[in-house]
1. Scan the stretch 204-259 for residues that are more than 30 Å from Gly282 (Cα to Cα), in contact with a His (Cβ under 8 Å, 6 or more places away or on another chain) and among the aromatic types (Phe, Trp, Tyr) and jot them down.
2. Kindly indicate whether Ala177 is over 15 Å from Leu111 (Cβ atoms), of a type in the set (Gly, Ala, Ser) and either more than 22 Å from the chain's Cα centre (by Cα) or open to solvent by less than 30 Å² (accessible area, probe 1.4 Å) (or both).
3. Criterion first (farther than 19 Å from Glu369 by Cα, crowded, with 16+ Cβ neighbours inside 10 Å and acidic (Asp, Glu)) does Glu39 satisfy it?
4. So for the stretch 108-115 (the condition being open to solvent by 40 Å² or more (accessible area, probe 1.4 Å) and small (Gly, Ala, Ser)), does at least one residue qualify?
5. What number of residues in the stretch 209-232 are under 28 Å from Gly183 (Cα atoms) and crowded, with 24+ Cβ neighbours inside 10 Å?
6. For the stretch 350-364, give me each residue that is more than 15 Å from Ser26 (Cα to Cα), of a type in the set (Gly, Ala, Ser) and open to solvent by less than 20 Å² (accessible area, probe 1.4 Å).
7. In the stretch 209-262, what count of residues is obtained for those that are in a loop (DSSP other than H, G, I, E, B), under 24 Å from the mean Cα position of the chain (by Cα) and either of a type in the set (Ser, Thr, Tyr) or at pLDDT below 95 (or both)?
8. What pairs come out if I take residues in the stretch 13-35 that are buried (at least 22 other Cβ atoms within 10 Å of the Cβ) and pair them with residues that are at pLDDT 95 or above and of a type in the set (Val, Ile, Thr) whose C-beta lies under 6 Å away, six or more apart or interchain?
Amino acid sequence: MSATPRALESYRDEFPALARSTYMVSHSLGAMPRRAHAELAEFGRLWVEKGITAWDDWLPEVDAAARRVGRLINAPDGTMVMATNVSQVMALLASCFEYKPERNKVVYSELEFPTVSYVWQEERRRGAEVVVVPSPDGVRLGLDRFLSSIDARTLVVPLSHVLFRSSTITEVDKIVARCKEVGAMVILDCYQSTGTVPVDVQAFGVDFACGGSVKWLCGGPGAAYLYVRPDRIAQFSPRTTGWFGHEKPFAFTMPEQHYASGVWRYMAGTPAIAALYQARAGAELVGEIGVARIRANSLRMTQKMIWACEQTGYTINTPREPEQRGGTVCFDFAGADRVTKALNAAGFFCDHRPGCGIRISPHFYSTDEEVARFLDETARLRKELA
């Protein structure tokens, strides 16, 4: 007989910030787990006590971290490597490709996170033709127009699973199917989904996937990840590389790169080991609870938030349909940017984005009472600062 799952509210004790704030910003920076202190202390202890031989413990943590996240997105062992941020991952992947006239198009939405656009726009120097597809409403991708932009000259489609500007879940299956029709690749950015929306990279059939520890995985900055589909691993040799991508990094051979045969060929330089220790507790907690359970609770809470925002008369910039909505609710009104600053100053943590408004996100450690308190304070400050 299976044990009764631990009540979600009991996990609040794992996050010290919740005792002194109303934390609604996990889409941007997840709350720090109490255990992260101990994990970082372990990293420091190894450094002090073992000196250079600490690497004997640190290097295995790279693969251990990859496996922890891999289990959350159903990535097979040996298909994941760790990085520091998604900008680095995108640049590394961009360096894999050759832009030949017959297939040089990069297609993505104007609703992508800016770092994605910055990387791919600079690939025009190497011959890429970059197509930025407009959104019809600033909330959704506009599937028909997006699909029609993907043709036989398309090389790669960087795509967010959940859009940061609106929390819209994109139709990954239809986009992947279109890319397969024309021979294009898909890089799926799971940063706004992993940890709150179920992700299955094998079921999606994407060529690459990436994300990181900062948001729903409650790991702080510095522990990004890259998934490479097994049949793609040996196909590419990133120009953006480093000694940890070498088949024998500690042989210190010169001058050419000899790439590792496995997924470590995508490793580039020295990994940020401290960040991997820091991110351990958050990923373990998400894995312990299970993303399906987190998702069910998130949908319930975000639906309540949308109803409350509608009743107050705010503009809702997030899909109302549960199956189209990620873990965030975006709402706007005149002066929302000023109200956001006042909310954060008072310990009601959220953020504001142009064209989106205030973004708020309950996570598994949030309560209905917190949501109500946050929305009450928002309404009060809106009136006060008008």
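The values are calculated or read from the model by the stated rules, or taken from the named source; none is laboratory data. These figures come from a predicted structure and were not determined experimentally. Positions of Cβ are backbone-derived with ideal geometry, glycine not excepted, and every protein chain shown enters the neighbour counts. Protein only, heavy atoms only, side chains kept; ligands, DNA and RNA dropped before computing areas. Shrake-Rupley method; radii C 1.70, N 1.55, O 1.52, S 1.80 Å.
1. If the condition is that a residue be more than 30 Å from Gly282 (Cα to Cα), in contact with a His (Cβ under 8 Å, 6 or more places away or on another chain) and among the aromatic types (Phe, Trp, Tyr), then Tyr259 is the only one that fits.
2. It is true that Ala177 is over 15 Å from Leu111 (Cβ atoms), of a type in the set (Gly, Ala, Ser) and either more than 22 Å from the chain's Cα centre (by Cα) or open to solvent by less than 30 Å² (accessible area, probe 1.4 Å) (or both).
3. For Glu39, the condition - farther than 19 Å from Glu369 by Cα, crowded, with 16+ Cβ neighbours inside 10 Å and acidic (Asp, Glu) - is met.
4. The answer is no; no qualifying residue exists.
5. Number of matching residues: 9.
6. If the condition is that a residue be more than 15 Å from Ser26 (Cα to Cα), of a type in the set (Gly, Ala, Ser) and open to solvent by less than 20 Å² (accessible area, probe 1.4 Å), then Gly357 is the only one that fits.
7. Of the residues in that region, 3 qualify.
8. What qualifies is Met24/Ile360; His27/Thr328.
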